[in-house]
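The values are calculated or read from the model by the stated rules, or taken from the named source; none is laboratory data. Predicted model, so just to flag it, every value in this text is computed and none were measured. Here Cβ is always computed from backbone atoms with ideal geometry, including for glycine, and neighbour counts include all displayed protein chains.
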Amino acid sequence: MNKRATNSSFLNERLDFNAKYSRADFLSWLTGHLSSIPFCTVLDVGCGTGAQAVWFGRKVLSRGKTCAFDISESSISQLKSSLPAGISVETCVGSMDELISVVKDNFGNIKFDLVHSSYSLYYARDINSVLEAMFVLLEPSGSLAISGPYETNTLLSFLSRFHDIPQLSWDCLKFIDDCVLPFCNKRFRNIESHIFINDQFVTDVNDFARFYRSATFFDPAAEKRVLKEVNSIINKDGCFHIRKNGKLVIAREKI
């Protein structure tokens, strides 16, 4: 796995960039769709630094249990150190490719009302195996919620003029439709999907440079040419426009 995908410093750079330039807030959009799902026990798979895990913990409070894990030790450390007072999230470091054993060894023999993963599942060695494990860990009446990149990413198209883009970056744009939806259609009765329209209007080439260097598709050999062109566009148009959409699938009622 590309180290930029799991390094918490790089992750924070990407999150800060998105928070500054995205017209829509992903966390608000996501939790708006998840708010209607009843749950007391929740598992956050590939939780990163824990924005969603904290929201789950706040929603559950003492009524249930929030469990979260990530392969990055630094991300889990940041999550633990930033938990608000009164919010409880049980955490551990582990790989989603060993999901069943990670949960059993760290959280006990437990089934969950909600199993969630945002912008992480496509890093798994075998996505279908992880989906199957998530399904096994769900209560019969539980819900599965998975989100990730979807179809449109104008930044990748722009960068492909300057260097090769790792195949995983292209594949992750299709993994919801190619992997998640076919799996859910076979195993759940009720499935809904939602598109997140994410427009970003970047006005500072230095901000873009920090984001680009933190990305999994960063190419140092092409950096000068990329930044020169981005800066030229900002000077000409007033901003560098990026559209990178996302998609959320919520599946309920196990078959």
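Conditions tested, residue by residue: (1) surrounded by fewer than 18 Cβ atoms within 10 Å (Cβ to Cβ); (2) touching a helix residue (DSSP H, G or I) at 6+ places or on another chain (Cβ under 8 Å).
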{"site": "GLY142", "(1), (2)": "no, no"}
{"site": "LEU159", "(1), (2)": "no, yes"}
{"site": "SER169", "(1), (2)": "no, yes"}
{"site": "PHE201", "(1), (2)": "yes, yes"}
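For the structure I just gave you, tell me whether SER72 is more than 19 Å from PHE135 (Cβ to Cβ) and free of Cβ contacts under 8 Å to residues at least 12 places away in the same chain. So SER72 does not fit the description; no.
Restricting to segment 187-240, and then to whatever is over 19 Å from ASN18 (Cα atoms) and among the basic types (Lys, Arg), can you tell me which residue is nearest to the chain's Cα centre (by Cα)? If we take residues in segment 187-240 being over 19 Å from ASN18 (Cα atoms) and among the basic types (Lys, Arg), then ARG187 is nearest to the chain's Cα centre (by Cα).
Of all residues in segment 74-118, exactly one satisfies the criterion of being in contact with a Lys or Arg (Cβ under 7 Å, 6 or more places away or on another chain) and crowded, with 22+ Cβ neighbours inside 10 Å, namely THR91. Kindly indicate whether any position in segment 195-203 is over 30 Å from LEU114 (Cβ atoms) and of a type outside the set (A, V, I, L, M). Yes: segment 195-203 contains one or more residues that are over 30 Å from LEU114 (Cβ atoms) and of a type outside the set (A, V, I, L, M).
Just wondering, is there one or more residues in segment 123-142 that are touching a strand residue (DSSP E or B) at 6+ places or on another chain (Cβ under 7 Å) and under 24 Å from SER9 (Cα atoms)? No: zero hits.
Residue by residue, here is whether (1) part of a strand (DSSP E or B); (2) out of contact with any strand residue (DSSP E or B) (no Cβ under 7 Å at 6 or more places or on another chain); (3) exposed (fewer than 14 other Cβ atoms within 10 Å of the Cβ) holds:
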residue: ARG189; (1), (2), (3): yes, no, yes
residue: PHE217; (1), (2), (3): no, yes, no
residue: VAL230; (1), (2), (3): no, no, no
residue: HIS241; (1), (2), (3): yes, no, no
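Please specify each residue of segment 232-255 satisfying the condition of being closer than 16 Å to GLN200 by Cβ and either touching a Gly at 6+ places or on another chain (Cβ under 7 Å) or not charged (D, E, K, R) (or both). Selection gives ILE233, ILE234, GLY238, CYS239, PHE240, HIS241, ILE242, ASN245, GLY246. The set of residues from segment 123-145 being closer than 30 Å to ASN18 by Cα, modelled with pLDDT of 95 or more, of a type outside the set (A, V, I, L, M) and outside any loop (DSSP other than H, G, I, E, B) comprises ASN128, SER143. If I filter segment 15-73 down to residues being of a type in the set (D, E, K, R) and in a loop (DSSP other than H, G, I, E, B), which single residue comes out as surrounded by the most Cβ atoms within 10 Å (Cβ to Cβ)? This residue is ASP25.
Cβ-Cβ distances below 9 Å connect the following pairs, each with a first residue in segment 81-99 that is over 18 Å from SER120 (Cβ atoms), a second residue that is β-branched (Val, Ile, Thr) and part of a loop (DSSP other than H, G, I, E, B), and a separation of six or more residues or different chains: SER82/THR49; LEU83/VAL89.
Rundown of residues vs (1) under 15 Å from LEU144 (Cβ atoms); (2) among the charged types (D, E, K, R), yes/no style:
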{"position": "ALA68", "(1), (2)": "no, no"}
{"position": "VAL93", "(1), (2)": "no, no"}
{"position": "LEU99", "(1), (2)": "yes, no"}
{"position": "LYS104", "(1), (2)": "no, yes"}
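Every residue in segment 80-103 that is among the charged types (D, E, K, R) and either more than 11 Å from GLY57 (Cα to Cα) or within 18 Å of the chain's Cα centre (by Cα) (or both), please.
Once the filter is applied, which keeps residues that are among the charged types (D, E, K, R) and either more than 11 Å from GLY57 (Cα to Cα) or within 18 Å of the chain's Cα centre (by Cα) (or both), segment 80-103 yields LYS80, ASP97, GLU98.
Note on segment 209-227: residues that are out of contact with any helix residue (DSSP H, G or I) (no Cβ under 9 Å at 6 or more places or on another chain) and free of Cβ contacts under 8 Å to residues at least 12 places away in the same chain total 1.
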